[in-house]
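Student: Dumping the structure here so I can ask a few things about it.
The values are calculated or read from the model by the stated rules, or taken from the named source; none is laboratory data. These figures come from a predicted structure and were not determined experimentally. Neighbour counts are summed over all protein chains in view; Cβ atoms, including those assigned to glycine, are modelled from backbone coordinates with ideal geometry.
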């Protein structure tokens, strides 16, 4: 079922997020690392609880046959995507030193656009620099609840952006261990910090999300 969800041959870091059923919101994140491309992955170097979308998982239509699986991700569905994804920038409200990934400091002017009719759909933009503000719906990256205090951009629906396929998918801090997300994967602040300092762009980290087959 998930034959295509395998770490790329050149990847030396992988993040595996699995739940026990398609509609479950609680899952486990496991971090794996190997020395070189000829080595096996071995045991997870870290493992911790996560929360996913409030409606569970849905299949990424760019990776899976939607006629076969039907339950595929779209804008506003409250689901996290099943599939294999590279990672973009780490973001935070603070300056951070000693990261091994691209980084962007964000504030109240930084937006992730989820308006399916906007030319900026599923892009992180600085609202102050945009002349043609054709977006009516967006997420502010600086939030009062601090859930985006630290996070990682997931390259979901980014190459290219398909209108309506889903937007603004991150790894970020959870509200608490019982609250699901709108489609992201969330964890405790402590574990978020462990994750961002572990990630290394030179090791081509990949995120894999799916229902654990039993």
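Student: Could you check residue 37 against (1) in contact (Cβ under 8 Å) with a residue 40 or more places away in the chain; (2) out of contact with any strand residue (DSSP E or B) (no Cβ under 6 Å at 6 or more places or on another chain) and say which number it fails?
Tutor: (1)
Student: Same structure again: Of the conditions (1) crowded, with 17+ Cβ neighbours inside 10 Å; (2) under 19 Å from residue 151 (Cα atoms), residue 77 clears all except one; give me its number.
Tutor: (2)
Student: Could I ask something else about it? Can you say whether residue 91 is over 20 Å from residue 193 (Cβ atoms), buried (at least 19 other Cβ atoms within 10 Å of the Cβ) and either at pLDDT 95 or above or within 19 Å of the chain's Cα centre (by Cα) (or both), as far as the supplied structure shows?
Tutor: Values: over 20 Å from residue 193 (Cβ atoms): no; buried (at least 19 other Cβ atoms within 10 Å of the Cβ): yes; either at pLDDT 95 or above or within 19 Å of the chain's Cα centre (by Cα) (or both): yes.
In short, no.
Student: Is it true that some residue in the stretch 100-114 is assigned to a loop (DSSP other than H, G, I, E, B), farther than 24 Å from residue 55 by Cβ and free of Cβ contacts under 8 Å to residues at least 12 places away in the same chain?
Tutor: To start, the set of residues in the stretch 100-114 that are assigned to a loop (DSSP other than H, G, I, E, B) comprises 101-102, 106-109, 114.
Right, trim to farther than 24 Å from residue 55 by Cβ and you get 101-102, 106-109.
Add one more test, that the residue is free of Cβ contacts under 8 Å to residues at least 12 places away in the same chain, and what stays is none.
No, the stretch 100-114 has no match at all.
Student: Are any residues in the stretch 118-148 touching a residue at least 40 places away in the same chain (Cβ under 8 Å) and touching a strand residue (DSSP E or B) at 6+ places or on another chain (Cβ under 6 Å), and if so, which ones?
Tutor: Result: 121, 141, 148.
Student: For the subset of the stretch 101-110 comprising residues that are surrounded by 16 or more Cβ atoms within 10 Å (Cβ to Cβ) and more than 16 Å from the chain's Cα centre (by Cα), which member is farthest from residue 151 (Cα to Cα)?
Tutor: It comes out as 110.
Student: Going through 131, 141, 187 one at a time, which residue ends up being over 19 Å from residue 76 (Cα atoms) and either touching a helix residue (DSSP H, G or I) at 6+ places or on another chain (Cβ under 6 Å) or surrounded by 19 or more Cβ atoms within 10 Å (Cβ to Cβ) (or both)?
Tutor: Going through 131, 141, 187 in turn, the sole match is 187.
Student: Another question, if that's okay. Looking at the stretch 176-214, which of the residues that are part of a strand (DSSP E or B) and within 12 Å of the chain's Cα centre (by Cα) is farthest from residue 86 (Cα to Cα)?
Tutor: The first filter runs over the stretch 176-214 and keeps only residues part of a strand (DSSP E or B), leaving 181, 185-187, 200, 206-211.
Imposing the further condition that a residue be within 12 Å of the chain's Cα centre (by Cα) reduces the set to 181, 185-187, 206-209.
Details: 181: 20, 185: 14, 186: 17, 187: 19, 206: 5, 207: 6, 208: 9, 209: 12 Å.
Once the filter is applied, the top-ranked residue is 181.
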